[in-house]
Amino acid sequence: MYIPEAFGSSELGWEVLGPLLLMLVMFALAVPVWVSLGVTALLILVVTGTLPVELIGESVFHGLDAFALIAIPLFVLTGDVLVRTGLSLKLLRIAEATMGSTRSGLGTSTVLGCGFFACVSGSDAAGAAAVGRITIKSLIERGYAPGYACALVAAGACTGILIPPSIAYIIIGMVLGISTSTLFLAAIVPGVLVMTSIMITNAIMNRLNGYEHVSRRFDFRHWLWTIWDGRYALLVPGIIFGGIYSGIFTPTEAAAVAVVTTIAIGLFQGTFRLKDFPGTLEGSAKVCGVIVPIIAVALPLAQVLAINDVPQSLIASVTALTENPVLIILMMLGVFILAGLVMESTPNIVILAPIMLPLAQEIGMHPIHFCIFMVTSLGIGFITPPLGLNLFVISGITGQPVLSIAAKAFPFVLAMLIVALVLAFVPGLSLFLIN
């Protein structure tokens with residue numbers, strides 16, 4: 001699609017600010033996100049006249065006509081099949097056999113299990129639902145307070161957006177024109193850091209509150225047995241990472257192979273039947289039905305904002321306040337956290353990434369480093385109200401009040417915030433694997 005030269009001054013007029021403020025009002029009134037974004041894009045086009053309104057349909061089509069986006073429904077489907085075949089339970093057993101000998105063994109194993117599930121599904125909500133149904137009851141029986149057990153799973157499931165193959169990295173790579181495979185590689189260390197911070201926080205909270213008293217010695221033979229028993233479950237992430245990093249598959253192709261492999265394993269073991277397939281497709285379609293319409297309307301809005309010099313205006317405004325890179329990074333962190341409080345990661349990425357990247361580059365931040373920093377910061381929003389998607393998922397499973405879970409999740413929010421700050425100021429953690 002033809003995009004004319006960006007024009008306008010460095011100061012935004014009300015023809016742009018007005019619709020943006022209206023968008024915030026629509027968010028507050030619980031208008032569906034994709035409707036709010038679409039109306040905002042249309043209003044800015046009509047008021048400013050920067051592009052013919054008729055071209056918005058073409059923009060939506062070209063935005064969704066991306067090979068990389070096919071990976072999203074495929075990874076979601078892989079996660080759903082993993083649950084239906086019982087392979088997710090085997091991953092959790094491997095996690096417990098690995099970490100169960102520590103004093104906070106079951107809690108730490110739960111977080112590691114969330115990480116294992118993230119290596120397949122790429123979705124926070126799917127991980128929270130799958131792991132929560134299996135582990136929360138056991139955590140409570142082991143001595144954890146119900147609200148804290150829910151908060152632990154909700155926090156552990158945040159690894160779904162942070163550990164590859166993350167849907168968030170697929171989207172931000174597509175929006176900014178960065179290789180998804182490169183982002184997956186760069187995200188390994190930051191994702192593991194966040195998961196480790198949640199484990200350490202749980203160990204500290206366990207010491208302070210005495211939640212878990214049962215401990216046992218590490219049983220190497222039992223650990224080997226769980227590895228063998230879960231060999232097919234481990235095969236799926238092995239195919240995904242091995243295929244991508246060896247250059248055999250693109251992320252989309254790896255997702256397709258993972259779906260076929262998971263279904264084949266389920267059919268072979270008798271844990272998945274052909275009559276289960278329609279229901280599995282329906283469940284995955286519901287998840288994608290939330291994500292894809294948001295991407296469809298957010299892409300034209302991002303283009304409209306770029307055409308109206310919003311990124312340049314932001315740079316001019318921020319640098320007029322300060323040119324200190326530390327303060328600018330802290331300001332970006334604040335924007336990402338506030339955005340994550342009120343809106344899901346997908347629209348935040350599509351809208352904010354093209355706007356904030358030029359500001360990040362202005363202070364010398366590498367684009368890959370920026371992507372890792374942004375996604376990690378947005379991940380905090382999954383366990384913070386009022387949006388807190390993981391909080392609502394876990395509340396729906398357990399019946400625990402959302403605010404009660406959110407209160408118990410505060411230590412994990414603090415831990416993730418510390419990791420986000422470390423990643424912001426130590427770029428080598430995000431870049432050394434790709435250099």
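For segment 55-100, what are the residues that are closer than 26 Å to L42 by Cα and in a helix (DSSP H, G or I)?
Of the residues in segment 55-100, the ones closer than 26 Å to L42 by Cα are 55-66, 69.
Listed by number, the residues that qualify are L55, I56, G57, E58, S59, V60, F61, H62, G63, L64, L69.
In segment 215-226, is there at least one residue being crowded, with 21+ Cβ neighbours inside 10 Å and either at pLDDT below 90 or in contact with a strand residue (DSSP E or B) (Cβ under 7 Å, 6 or more places away or on another chain) (or both)?
No, segment 215-226 contains no residue that is crowded, with 21+ Cβ neighbours inside 10 Å and either at pLDDT below 90 or in contact with a strand residue (DSSP E or B) (Cβ under 7 Å, 6 or more places away or on another chain) (or both).
Somewhere in segment 82-90, is a residue out of contact with any Ser or Thr (no Cβ under 7 Å at 6 or more places or on another chain), farther than 27 Å from T180 by Cα and open to solvent by 20 Å² or more (accessible area, probe 1.4 Å)?
yes
Would segment 187-199 turn up any residue that is open to solvent by 60 Å² or more (accessible area, probe 1.4 Å), under 30 Å from P358 (Cβ atoms) and in contact with a helix residue (DSSP H, G or I) (Cβ under 9 Å, 6 or more places away or on another chain)? Give the derivation first.
As a first pass, look at segment 187-199 and keep what is open to solvent by 60 Å² or more (accessible area, probe 1.4 Å): 192-193.
Now narrow it down to the ones that are under 30 Å from P358 (Cβ atoms): 192-193.
Narrowing the set further to residues that are in contact with a helix residue (DSSP H, G or I) (Cβ under 9 Å, 6 or more places away or on another chain) leaves 192-193.
Yes: one or more hits.
From the list V402, V393, V413, V422, which residue is in contact with a Leu (Cβ under 6 Å, 6 or more places away or on another chain) and open to solvent by 10 Å² or more (accessible area, probe 1.4 Å)?
Only one candidate qualifies: V402.
State which residue is nearest to the chain's Cα centre (by Cα) when the search covers only segment 13-37 and only residues that are open to solvent by 40 Å² or more (accessible area, probe 1.4 Å) and at pLDDT 85 or above.
So, considering only residues that are open to solvent by 40 Å² or more (accessible area, probe 1.4 Å) and at pLDDT 85 or above, the one nearest to the chain's Cα centre (by Cα) is V35.
Determine whether I240 is hydrophobic (A, V, I, L, M, F, W, C) and either open to solvent by 40 Å² or more (accessible area, probe 1.4 Å) or in contact with a Pro (Cβ under 7 Å, 6 or more places away or on another chain) (or both).
Yes; evaluated as a whole, the condition is true for this residue.
I'm trying to understand the selection: among the residues of segment 381-390, which are part of a helix (DSSP H, G or I) and either of a type in the set (F, W, Y) or surrounded by fewer than 24 Cβ atoms within 10 Å (Cβ to Cβ) (or both)?
The initial filter retains those residues of segment 381-390 that are part of a helix (DSSP H, G or I), namely 381-383, 389-390.
Result: F382, L389.
Specify the residue that is least open to solvent (accessible area, probe 1.4 Å); the eligible residues are those in segment 151-182 that are touching a residue at least 60 places away in the same chain (Cβ under 8 Å), more than 12 Å from the chain's Cα centre (by Cα) and over 26 Å from L414 (Cβ atoms).
Restricting to residues being touching a residue at least 60 places away in the same chain (Cβ under 8 Å), more than 12 Å from the chain's Cα centre (by Cα) and over 26 Å from L414 (Cβ atoms), the top hit is G173.
Considering (1) at pLDDT below 90; (2) of a type outside the set (K, R); (3) over 24 Å from A255 (Cβ atoms), say which one A151 fails and leave the rest.
For A151, the failing item is (1).
The values are calculated or read from the model by the stated rules, or taken from the named source; none is laboratory data. Computed from a prediction, not measured in an experiment: that's the story for all the values here. Reconstructed Cβ throughout: ideal geometry from the backbone, glycine too, with neighbour counts over all protein chains shown. What goes into the accessible areas is simple: the full protein's heavy atoms, side chains included, and nothing from ligands, DNA or RNA. Shrake-Rupley method; radii C 1.70, N 1.55, O 1.52, S 1.80 Å.
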